[in-house]
1. How large is ³J(HN,Hα) for each residue in segment 173-180, as worked out from phi by the Karplus curve 6.51 cos²θ - 1.76 cosθ + 1.60 (θ = phi - 60°), to whole Hz, x for Gly and Pro?
2. Considering amide H positions built from the backbone, and no H for Pro or chain starts, which residues 5 or more places from D65, or on another chain, come under 5 Å of its amide H?
3. Need one word for the chain: rounded, prolate or oblate. Basis is the Cα gyration tensor (sqrt eigenvalues a ≥ b ≥ c); a/c below 1.5 gives rounded, then a/b vs b/c decides.
4. May I ask you to derive the relative contact order of the chain, considering only C-alpha pairs under 8 Å and at least 6 residues apart, and to give it as an integer percent?
5. Working out 0.36 nm times the residue gap between D129 and H83, then minus their Cα-Cα distance, what length gain in nm do you get to one decimal?
6. On full extension of the chain, what length is gained from A216 through H111, given 0.36 nm per residue of separation minus the C-alpha to C-alpha distance?
7. Any chance you could run the full-extension gain for F173 through R48? It's 0.36 nm times the residue separation minus the Cα-Cα distance, nm to one decimal.
8. How much of the DSSP bridge set in the chain is antiparallel, in percent, rounded to the nearest 5?
Amino acid sequence: MYPRTRDIPKFLLPVAGRPFAHHLLARLAEAGYEDVVLCIGHLGDAIREDLGDGAAFGLRLAYADEGEIRLGTAGALRRALPHLGEAFLVTYGDSYLPFDYGAPLADLETHAEARGTMSVFPNEDRWDDSNCAIADGRVIRYQKRSPGEARDPALRYIDYGAIALRREVVEAFPEGPGDLAPVLSRLAAEGALRALVARDRFYEIGSEAGYHELAALLGARAEVRT
């Protein structure tokens, strides 16, 4: 998203008249969350200044700053460990999901045998490379495609962008940079990752096309409300 993000963190890019963060935090509050931990890096001070303690959104915000080294999703979660409860939801700072953000955590909390619940969408490679196979309510395979790798028709679903995890999963991470994908692959292989199927497509602001699609969606919803 550069040069848009040269002076503004992606999380604060204006979408339909409001910073993206405001839209996402409002959705989390609507879903019943009260505490949110923001893993910040690039221009993180701007995020702190804009969002503060979260009271304006009916939330309590805490911050885990990765500093000058990019930690990746797993590394950022490990840095946030002091703020995490026994089970929590992971979502991304450039994704907007038209579903109940509370559903993955509720599902995990009713299945003691699982260590995670991943929301998935029947993507069929339409909006991005599909990376999941599911069966019997579980993700049985999670595999990201390498550049140039042929499509695997068994991978019909995609990680939707909201994953409930148990604290013990993050406690096992080594400190420092790390990717979450190998962890999810291992949980799937062990039969410990449940699948929660979402009905509506996901939106994101990680690309110009995605940014304009979300702006159109939120702008249309604002017009309906008025």
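Taken together, the values in this text are just the output of simple stated rules run on the coordinates, not laboratory data. In this text, all values refer to a predicted model and were calculated from it rather than measured experimentally. Positions of Cβ are generated from backbone atoms using ideal geometry, with glycine treated the same way; all protein chains shown enter the neighbour counts.
1. 5, x, 5, x, x, x, 9, 7
2. When sequence neighbours closer than 5 places are left aside, the close amide H contacts are I40.
3. On the way: a/c = 1.43, a/b = 1.21, b/c = 1.18.
Verdict is rounded for the chain.
4. Values: 392 pairs, mean separation 54.8, N = 226.
The value is 24 percent.
5. Values: separation 46, 0.36 × 46 = 16.56 nm, distance 3.23 nm.
So the chain would gain 13.3 nm between D129 and H83.
6. Working: separation 105, 0.36 × 105 = 37.80 nm, distance 3.75 nm.
Going from the current span to full extension adds 34.1 nm.
7. Residue separation times 0.36 nm, minus the Cα-Cα distance, leaves 42.4 nm.
8. Expressed as a percentage, antiparallel bridges in the chain total about 65.
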